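Shown next, in structure tokens, is the structure this report addresses.
Nothing in this text is a laboratory measurement; each read-out follows from the coordinates by a stated rule. Note that the structure is predicted; figures quoted are calculated from it, not measured. Reconstructed Cβ throughout: ideal geometry from the backbone, glycine too, with neighbour counts over all protein chains shown.
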Amino acid sequence: MSNGIDYVPGPAAGRAKRPVAPVTARAIGVRTLLPDLLKGLTEAERMAFYAECTPRICRTATEILRQDEPAPSGFLIIEGRIQITFVDCDGNLVIAHVACPGEVVGEIELLSGKTCAATCTTLPNTTLLVFSAALLTKHVPTEMLLRNFAGILHSRLMRDNRLQSIAQFYPAEARICLHLMNLTNEDQPEALISQGQLAILSGCSRQTVNRTLNDLRAQGIIEMGRGVIRVIDATRLEASRLLD
């Protein structure tokens, strides 16, 4: 896979091969961003943290963290999305989550010293702020950082609980609709997922996925391409889930 990364120099990033305009926190749209990791900081304190991060723009799908390898940095999503996947003991590729602006990846491994629990791959045109453990602890007091980590982990536990509920109590067709809803939103209506991957995620056969997606397409609720499912009508997709 091409690394697909356009690097924008930040502090200590070295000399660029050609002159580039400086990228400021304001320019990449972080002034109004309130990530859970930085809760409790004032706007001035957040901006000071952002100013020392290294902006990174990924024009194409780019792997930034790899399962079972150390995390070199933490990544705050400014724009775009990151697909989080893992390979289970049987070799199945599972999509665990699609992270959106304001979310952070790699921070747990960065501070714990553990290897990555999953692989993180940006979707095209994703903008990140890259930070080190030292930079994070420099700007966020320890007590505040612990509280924010606890809040993030609680949100992830709640997400895992919802996924367990979907897996245990919903019929296959409803599970497919729910996962499509979880993988998309109003601003990002495309799920970059194959039908085989959706079958694994939904815990059903590929034939069931094919039939359900064809029904949704026939109703004008989704469109399908190679490795892409685009939600056209999220309201009707939700209604389809409730009808199953």
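Label-to-label distance, Glu45 versus Lys138, with points set 7 angstrom from Cα along the beta-carbon direction: 1.7 nm.
Between 0 and 90 degrees, the angle of helix 43-52 with respect to the longest Cα principal axis of the chain falls at about 80 degrees.
D by Stokes-Einstein for segment 170-241, Kirkwood Rh over Cα pairs, 25 °C, 0.890 mPa s: 210 µm²/s. When the charge dipole of the chain is built from unit charges on Cβ atoms (+1 for Lys and Arg, -1 for Asp and Glu) and taken about the Cα centre, the candidate among Ile64, Tyr170, Thr119 whose Cα reaches farthest toward its positive end is Ile64. All distinct Cα pairs of segment 121-244 go into the 1/r average, and the inverse of that average, the Kirkwood radius, is 16.6 Å. The length gained on full extension between Arg156 and Ala117, counted as 0.36 nm times the residue separation minus their Cα-Cα distance, comes to 12.7 nm. Across all C-alpha atoms in the chain, the radius of gyration and Dmax reach 19.3, 58 Å.
Centre-to-centre separation between the Cα atoms of segment 72-139 and those of segment 186-244: 25 Å. Against the longest alpha carbon principal axis of the chain, how many degrees, from 0 to 90 and to the nearest 10, is the axis of helix 142-169 turned? So the inclination is approximately 10 degrees. Dipole check for the chain: with +1 at the C-beta of Lys and Arg, -1 at the C-beta of Asp and Glu, and the Cα centre as origin, the magnitude is about 460 Debye.
Placing unit charges on C-beta atoms (Lys and Arg positive, Asp and Glu negative, everything else neutral), compute the dipole magnitude of segment 170-241 about its Cα centre in debye, rounded to 20. The dipole of segment 170-241 has a size of about 320 debye.
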